[in-house]
Amino acid sequence: MDRRKSLKNLLMGSLSLVSLPTWANGWGPSDVNIPNLYVDDDQKILSSVVDTIIPQGDQIGALSVGVDKYIQRLLADCYEKEIQESFKQQLNDLNESASETFGKPFVSCNPDERKSILLAKSNAVNMLEREFFEFMKNETIRGFRTSKEVMTTYFKYKMAPGYYHGCVEIETV
């Protein structure tokens, strides 16, 4: 057994554990690189879909907690290129449907018009359109419900619900 090598490894491991909290302190969403899979139009359509599913009213909405960025990240990290391309195509089809139906792009439609277009996708004969709608609905709800703002404000989630109070004075009789 090489004691010097073991002590050196133990010291390096301890130093890295000590420096970790200062190194990772203050991380935020702006520090995480989100790959840009979409051109600006596709990104606006995605944001409009998310905003249509959970709009902002008196309370927070899906856009205000960053669900559109969550879906972008999810697609970039967890799905193959073919699915990403199919998703982009579905966003373009959504825009074309809005242009055919209302004579304007999906982003320019009012919330009721957007909702009618999305509901048409949910009942479509084409399986890809239905899957797109289900994916958008499910992931928007999941991203919204698991966001920090919703978890802490509405669900009162605490990371560690039990607390340890080490120095508590006890009255003796």
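The values are calculated or read from the model by the stated rules, or taken from the named source; none is laboratory data. None of the values given here were measured: they were computed from a predicted structure. Cβ atoms come from the backbone with ideal geometry, glycine included; neighbour counts cover every protein chain shown.
Matching residues to (1) part of a loop (DSSP other than H, G, I, E, B); (2) within 19 Å of Ser47 (Cβ to Cβ); (3) at pLDDT 90 or above:
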position	(1), (2), (3)
Ser99	no, yes, yes
Lys137	no, yes, yes
Met151	no, no, no
Phe155	yes, no, no
Val168	yes, no, no
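Candidates are the residues of region 133-169 that are basic (Lys, Arg) and in contact (Cβ under 8 Å) with a residue 40 or more places away in the chain; the one that is nearest to Ser48 (Cα to Cα) is Lys137. What's the number of the only condition in (1) in contact with a Pro (Cβ under 9 Å, 6 or more places away or on another chain); (2) within 11 Å of Glu139 (Cβ to Cβ); (3) among the charged types (D, E, K, R) that Lys69 fails to meet? Every listed condition holds for Lys69 apart from (2). Val173 passes every criterion in (1) under 28 Å from Ile83 (Cβ atoms); (2) over 20 Å from the mean Cα position of the chain (by Cα) apart from (1). Here region 57-97 is the region considered, the condition is being outside any loop (DSSP other than H, G, I, E, B) and in contact (Cβ under 8 Å) with a residue 60 or more places away in the chain, and the residue that is farthest from Phe144 (Cα to Cα) is Leu74.
Here the condition is being surrounded by 12 or more Cβ atoms within 10 Å (Cβ to Cβ) and over 16 Å from the mean Cα position of the chain (by Cα); of Leu118, Leu74, it holds for Leu118 alone.
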